[in-house]
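First comes the structure, then the notes that go with it.
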Amino acid sequence: MAELLPGAPVTDLDVLGPAETLAAYTARGGYEALRSARSAAAVDIIAAVRDAGLTGRGGAGFPAAAKWEAARAHPGPRYLVVNGAEGEPGSYKDRHLLARAPHQVLEGALIAARAVEADEIVVYINSEFGAAHDALAAAIGALRGSDLADALIPVRLLLENHVYIAGEETALLAVLMGRPAWPWPKPPYPTERGYRDQPTVVNNVETLAHIPVILRRGGDWYRQHQPTLFSVSGDVARPGVFELPLGLTVAELLEQAGGPLPGDRVAAVLPGGYSLPWLRADQLDVAMTPEALQAAGTALGASVIVVGEQQGLGLAAARIAAFFARETCQTCPICVTGTARLAQLLRPAVGQPLAPAEVAEVTEMAAEHRHKGICTLLDTAASMAMTSAPDLTGSPQAGGEQLAAPVG
């Protein structure tokens, strides 16, 4: 299956690889969907995406068609913003899509812009992804020189110095407008008042890459196969980006990534990166679908991070808590103090199990901080602490205190 990323799985995450050319992309059906979308009504494009059941692949999982309809309910001008921030630890899929399949992303963005009736496309790219920026710029130039040149609307590529919180859509929009990366309270939602105070759709890079597949293959095919990019990192033998059908089990996904490191065993898997609770080693038969993961108490996100027993759950939990404490944007005092306190409470889990009283203190503190702050960062940190703490009473723990190192 190579509907999204051409070629073999990406297993050298530091090497982005050559960009697919216009000729190569066209040879595998590229731009067929855009050609058909040019003569289709916007409502019909939205209906096709709704029928396919496409949800956002940046972590929130919001239905793409519903977001488009919400923006169309407000008078223009309208904007489509492509979120290429990818600041989630362990996530590599978007930068590889931009660098290796830029025409796929561009076609999806142009179709989405037509469905929203957007006047301009603005692409936010993490400044660390220079090769991804250059590949997308070259793809735009190649399309401008083709027979589809008149299908291009204005596209602006913006390389931005990225901070984690700018992955949140309102903080990202603030950056694009020259402001600090501070989220704003919702409502109003960006679909009502976003970029330049106009109706704005913010879509993740991978979300847009699915749109040509849906229009080319049809909703029935898409619902049956659901090609998905999984970024798998952490304590696995072959970390990488794998294009696989949605619905395989966690164990099957880990098998694709070579299984645990030699001599190690899986202690837990974070199926949604740092932002969502982990699955324990006895839950690896759970299917990688939103419904199955929700039933297991977690969700699908932008990355899959494996924690081995040699690392230990205590060190993993402490690292994640320390990460959230570092990445707060300093806007909400309760977030600044809350994330710092949670990190402090989880630090003793490094190297030894937590005592029942320590677990109780973590869960109580986390419960007090749920649903607080302007954005979801504090809620995310509190949720992770609350759900992970009970597993830290007797799990194998690693020695050392290298909390600055990422889990993924």
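Which percent, to the nearest 5, of DSSP beta bridges fully inside the chain are antiparallel? Of all bridge pairs located within the chain, approximately 45 percent are antiparallel. The lysines within cross-link reach of K186, meaning a Cα-to-Cα straight distance under 18 Å and a gap of 8 or more places when in the same chain, are K67, K372.
Normalised by the number of residues in the chain, the average gap of Cα pairs under 8 Å and 6 or more apart makes the relative contact order 17 percent. Using the Cβ of A299 as centre and a radius below 15 Å, the other residues enclosed give a net charge of -2, where K and R count +1 and D and E count -1.
With the highest mean first, a sort of the peptides 157-168, 204-215 on other beta-carbon atoms found within 10 angstrom per residue produces 204-215, 157-168.
What is the sum of charges, Lys and Arg at +1 and Asp and Glu at -1, for the other residues whose Cβ falls under 12 Å from the Cβ of V122? Local net charge: 0.
Relative to a virtual label point 7 Å from the Cα of R38 in the Cα→beta-carbon direction, which members of the range 125-154 show backbone nitrogen distances below 13 Å? Residues 143-153 qualify, since their backbone N sits under 13 Å from the label point. Ratio of Rg to Rh for the range 312-400: 0.97 [Cα atoms; Kirkwood radius as inverse mean 1/r over pairs]. Relative contact order for the range 93-188: 27 percent, from Cα pairs under 8 Å spaced at least 6 residues apart, divided by residue count. The packing ranking of peptides 216-223, 89-96, highest mean first, is 89-96, 216-223, where packing means the average number of other beta carbon atoms within 10 angstrom of each residue. Across the chain, the volume of the C-alpha convex hull divided among the residues equals 124 Å³ per residue. The packing ranking of peptides 238-248, 191-201, highest mean first, is 191-201, 238-248, where packing means the average number of other beta carbon atoms within 10 angstrom of each residue. Between R196 and A137, how high is the FRET efficiency from 1/(1 + (r/R0)^6) when r is the Cβ-Cβ distance and R₀ = 25 Å? Nearest 0.05. Efficiency, rounded to the nearest 0.05: 0.65. Taking other residues whose beta carbon is less than 11 angstrom from the beta carbon of P89, and scoring Lys, Arg as +1 and Asp, Glu as -1, yields -2. Compute the Cα gyration tensor for the range 163-287, then decide on rounded, prolate or oblate, letting a ≥ b ≥ c be the square roots of its eigenvalues: rounded whenever a/c is under 1.5, prolate when a/b is larger than b/c in the other cases, and oblate in all that remain. Taking the square roots of the gyration eigenvalues as a ≥ b ≥ c, the range 163-287 is oblate.
Equivalent ellipsoid of the range 22-223: semi-axes from √(5λ) of the C-alpha gyration tensor, largest first, are 24, 20, 16 Å.
Between A360 and Q224, the C-beta separation translates, for a Förster distance of 56 Å, into a calculated FRET efficiency of about 0.75. Label positions at Q344 and D14, each projected 7 Å from the Cα along the C-beta direction, are separated by 3.8 nm. Evaluated at q = 0.14, 0.28 Å⁻¹, a Debye calculation over the C-alpha positions of the range 248-309 (equal weights, vacuum) places log10 I(q)/I(0) at -0.32, -1.30. With a cut-off of 11 Å, note down the residues of the range 234-255 whose backbone N falls inside the zone around a label point 7 Å from the Cα of Q310 toward its beta carbon. Zone members listed by number: 235-237. Once both labels are positioned 7 Å from their Cα atoms along Cα-to-Cβ, the gap between D119 and K186 label points is 2.3 nm.
Values quoted throughout were computed directly from the atomic coordinates according to the rules given, and no laboratory measurement underlies them. Being a predicted model, the structure only gives us computed values, none of them experimental. Positions of Cβ are backbone-derived with ideal geometry, glycine not excepted, and every protein chain shown enters the neighbour counts.
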